[in-house]
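Below is one structure, written out as structure tokens; the observations come after it.
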Amino acid sequence: MPLYKNKSSQKIIVFAWDTGNSTEKTGDAANITAQISIDGGVCAATDDTNPTELDATDAPGIYIFDVTQAETNGDLITLFAKSSTSDIKIEPVIIYTVVDGLTTQQKADVNTECDTAFTDYDPPTKTEMDSGFSNLNDISTSDVETAVETQITAANTELASIPSSTAGIRAMIQFLFEYFRNARTETAGAESLKKEDGTTELGSRTLTDDGTAFTRGEMN
């Protein structure tokens, strides 16, 4: 039985049991009072002095206290009710409150925004969707060939460095072109690949020869 924290117009239900007769106790509202504690604090009499009996016939033993907003302003609410009538047992009620994040007005505003969003949404008609698919079908073989040719003939950009082993295929092809076209210098211990200007180094690798094997290192 949760309560909203710090909100008015809420109720706490208790159950009265007649231990002498082993039955629910009815007609005892005027004899029942309660103490309430907020967050384990000092007990105080409830603002609702006596509860209201729900229904002596269909809900015997059930009594309802109306609690004020102040009486719910805590995380833990403990209500202990008792009856001045002999042999009446009422268990304490322990409640952890929950936070109601939206006010009534805020909830109404959210509903209004949702209604407006759905009202303003204008889905495409079947004719509009058919037209869209028709436009896709208008792409011809010639259009595809032209697009591919445009990519193939597009100007390349000179490499700034040696591409890695995970570079794109375009960069790898560009490297092969520059390796076989551009100037290279070799010494006994190194090979240097130049950029387009023939002077700036693009990358280099070591060369070793131990008399048995000639080894070219990785170019970087």
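The values are calculated or read from the model by the stated rules, or taken from the named source; none is laboratory data. Since this is a predicted model, take the numbers as computed values, not measurements. Here Cβ is always computed from backbone atoms with ideal geometry, including for glycine, and neighbour counts include all displayed protein chains.
So which residues in the stretch 180-220 are touching a residue at least 24 places away in the same chain (Cβ under 8 Å) and surrounded by 10 or more Cβ atoms within 10 Å (Cβ to Cβ), if there are any at all?
Going residue by residue through the stretch 180-220, those that are touching a residue at least 24 places away in the same chain (Cβ under 8 Å) are 191, 193, 195-196, 202-203, 216, 219-220.
Passing the criteria: Glu191, Leu193, Lys195, Glu196, Leu202, Gly203, Arg216, Met219.
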Among residues of the stretch 149-168, those that are not in a loop (DSSP other than H, G, I, E, B) and not hydroxyl-bearing (Ser, Thr, Tyr), counted: 3
Close pairs from the stretch 82-99: first of a type in the set (Asp, Glu), partner at pLDDT 95 or above and not in a strand (DSSP E or B), Cβ under 8 Å, at least 6 apart: Asp87/Thr19; Asp87/Gly20; Asp87/Asn21
Qualifying residue in the stretch 139-159 (condition: surrounded by 10 or more Cβ atoms within 10 Å (Cβ to Cβ), within 30 Å of Pro51 (Cα to Cα) and at pLDDT below 80): no
Residues within the stretch 181-220 that are more than 54 Å from the chain's Cα centre (by Cα) and within 30 Å of Val148 (Cβ to Cβ), tallied: 2
Filter result for Ala45 (exposed (fewer than 11 other Cβ atoms within 10 Å of the Cβ) and at pLDDT 95 or above): yes
Gly61 being on the phi > 0 side of the Ramachandran plot and not in a loop (DSSP other than H, G, I, E, B): yes
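Considering only the stretch 65-75, I want to know if a residue exists there that is under 37 Å from the mean Cα position of the chain (by Cα), closer than 24 Å to Val99 by Cβ and among the aromatic types (Phe, Trp, Tyr).
no
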Positions within the stretch 169-220 being over 26 Å from Thr157 (Cα atoms) and not in a loop (DSSP other than H, G, I, E, B), in sequence order: Ala190, Thr206, Leu207, Thr208, Asp209, Phe214, Thr215, Arg216
